[in-house]
Amino acid sequence: MESARLLCLGLNHCQASVDVREHFRCSLDAMADVRRRAEVESEISHLRAIRELALLSTCNRFELYATIDPELTINAGEALLRQLLAEASGVTDSVDAPFYRYVDV
């Protein structure tokens, strides 16, 4: 059995202004709540493919680390993380944010 993939999605002061970074300010609890809702709500049930989450948030950067199901492509995993952020932070335009991505870091 293939192991889960580790994916990091982030914003920092080099790629995004303070205003953009502050849009995504949300707690790990808020993301965990969305993930729990995915267990019972069919419209976001695909978020179950996100297995574990860790959040690093400072004044200069915001990084979300997640393990995702190995069946997903990295691009699909990134899309799930962006949707999770949108659900947890209320920011609907997360698709356009200048995130950087690290894989299996």
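The values are calculated or read from the model by the stated rules, or taken from the named source; none is laboratory data. These numbers come from a predicted model, not from an experiment. Cβ: placed from backbone, ideal geometry, glycine included. Neighbour counts: every protein chain shown. Side chains are part of the model used for accessible areas, which takes the heavy atoms of the whole protein and leaves out ligands, DNA and RNA. Shrake-Rupley method; radii C 1.70, N 1.55, O 1.52, S 1.80 Å.
For the structure I just gave you, tell me whether residue 37 is among the charged types (D, E, K, R), open to solvent by less than 90 Å² (accessible area, probe 1.4 Å), at pLDDT 85 or above and under 25 Å from residue 72 (Cβ atoms).
Yes, satisfied.
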Residue within the range 9-17 that is without any contact (Cβ under 8 Å) to a residue 40 or more places away in the chain and either assigned to a helix (DSSP H, G or I) or not aliphatic (A, V, I, L, M) (or both) present: yes
Does residue 43 satisfy the criteria of being open to solvent by 70 Å² or more (accessible area, probe 1.4 Å), modelled with pLDDT under 85 and not in a loop (DSSP other than H, G, I, E, B)? yes
If you take the residues of the range 46-70 that are without any contact (Cβ under 8 Å) to a residue 60 or more places away in the chain and acidic (Asp, Glu), which of them is surrounded by the most Cβ atoms within 10 Å (Cβ to Cβ)? 63
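On the basis of being part of a helix (DSSP H, G or I), open to solvent by 30 Å² or more (accessible area, probe 1.4 Å) and of a type in the set (A, V, I, L, M, F, W, C), does residue 88 make the cut?
For residue 88, the condition - part of a helix (DSSP H, G or I), open to solvent by 30 Å² or more (accessible area, probe 1.4 Å) and of a type in the set (A, V, I, L, M, F, W, C) - is not met.
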